[in-house]
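Remarks on the structure that follows.
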Amino acid sequence: MIQFNFHSRVAVVTGSGKGIGKSIAFKFLTFGGTVVFLTRSIDLNLIKESQQISDKAHFIECDVSNFDSVEKSFSEILNRLGRIDILVNNASVANSQSIDQLSLEDWDWVMKNNITSMFLCSKFAVSIMKSQKYGKIINISSIAGRDKSMMLGIAYTTSKAASIGFTKHLASEVAKYGINVNVVCPGPTDTPMLRSLLTPEIESSLINKIPLGYIQTPDQVANVVLFLASDESNYMTGSVVDINGGLL
């Protein structure tokens, strides 16, 4: 039986204010980790919730799509905590426009937040992890990146497919430094983003398409992410892990 223990680890989780990112960050806290919540704005309720679990939570405001903001944030993390062992690139945005409706500005917004953010955070994390000869990077893609989105638009699908290619290439670059890079592709997950798209009819239709017969919780995604962040997965790198209830 796997017993997670992150007492000596520092984990940075982007987009950790809600949904899957919040569940991942809280799971790390539960298993003893020091966790940096990297969010666009700091929510006082989130701080209070985290304090009920652990006193090892840190909060930094960061626009992960902006070079200067990411550079400043990772410098602050290093100065404050001395190391970064785990990076979870979870921050993501979505829109539902088809190609004829999609403006260049909307396309760029999705790419900056979903892919440029992954590049920037990984870039600064890798420079720290290389000196440690140890690191775990877990990227959050989507079932859309494996095929196409059922409810969102072409920009979202493209960004999530790109995150898979990014993961595979980065894994090959940094393996020699003891850094593992993997990506998970969740199917429909009960998050505020999904809930904003669902009507009772859409939810029923979606559930009928999932072989396991229900929409997963953010904690079910977080459990897999923690495995990839643990030393139990040390021989996995460049892997694409589906968490979709058999939907594909």
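Readers should treat all values here as calculations from the given coordinates under stated rules, not as data from a laboratory. Worth saying up front: this structure is predicted, and the values here are computed from it rather than measured. When we count neighbours, we look across all protein chains shown, and the Cβ atoms used for this are built from the backbone with ideal geometry, even at glycine.
Residues checked against (1) under 21 Å from Pro218 (Cβ atoms); (2) touching a helix residue (DSSP H, G or I) at 6+ places or on another chain (Cβ under 6 Å); (3) not basic (Lys, Arg):
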| position | (1), (2), (3) |
| --- | --- |
| Phe6 | yes, yes, yes |
| Ile42 | yes, no, yes |
| Val70 | no, yes, yes |
| Glu76 | no, no, yes |
| Asp85 | no, no, yes |
| Asn89 | yes, yes, yes |
Output the number of residues of the stretch 8-31 satisfying the condition of being in a loop (DSSP other than H, G, I, E, B) and over 21 Å from Gln220 (Cβ atoms). 2
Return the residue satisfying two criteria in turn: it lies in the stretch 188-206 and is in contact (Cβ under 8 Å) with a residue 12 or more places away in the chain, assigned to a loop (DSSP other than H, G, I, E, B) and not hydrophobic (A, V, I, L, M, F, W, C), and of such residues it is nearest to Ala144 (Cα to Cα). Pro188
Mind checking whether some residue in the stretch 220-233 is under 30 Å from Tyr134 (Cα atoms) and either touching a His at 6+ places or on another chain (Cβ under 7 Å) or among the acidic types (Asp, Glu) (or both)? yes
Pull up the stretch 114-137, narrow it to residues that are of a type in the set (S, T, N, Q) and under 23 Å from Val224 (Cβ atoms), then point me to the one that is surrounded by the fewest Cβ atoms within 10 Å (Cβ to Cβ). Ser122
Using the structure shown, decide if Asn244 is touching a strand residue (DSSP E or B) at 6+ places or on another chain (Cβ under 9 Å) and more than 28 Å from His7 (Cα to Cα). yes
How many of the residues in the stretch 138-155 are surrounded by 20 or more Cβ atoms within 10 Å (Cβ to Cβ) and in contact with a helix residue (DSSP H, G or I) (Cβ under 6 Å, 6 or more places away or on another chain)? 7
Among the residues of the stretch 47-67, is there at least one that is touching an Asp or Glu at 6+ places or on another chain (Cβ under 6 Å), crowded, with 17+ Cβ neighbours inside 10 Å and of a type in the set (Ser, Thr, Tyr)? no
Just checking, which of Lys168, Lys176 is free of Cβ contacts under 8 Å to residues at least 60 places away in the same chain and not aliphatic (A, V, I, L, M)? Lys176
Tell me whether the stretch 180-196 contains one or more residues that are at negative phi, more than 18 Å from the chain's Cα centre (by Cα), of a type in the set (Lys, Arg) and surrounded by fewer than 18 Cβ atoms within 10 Å (Cβ to Cβ). yes
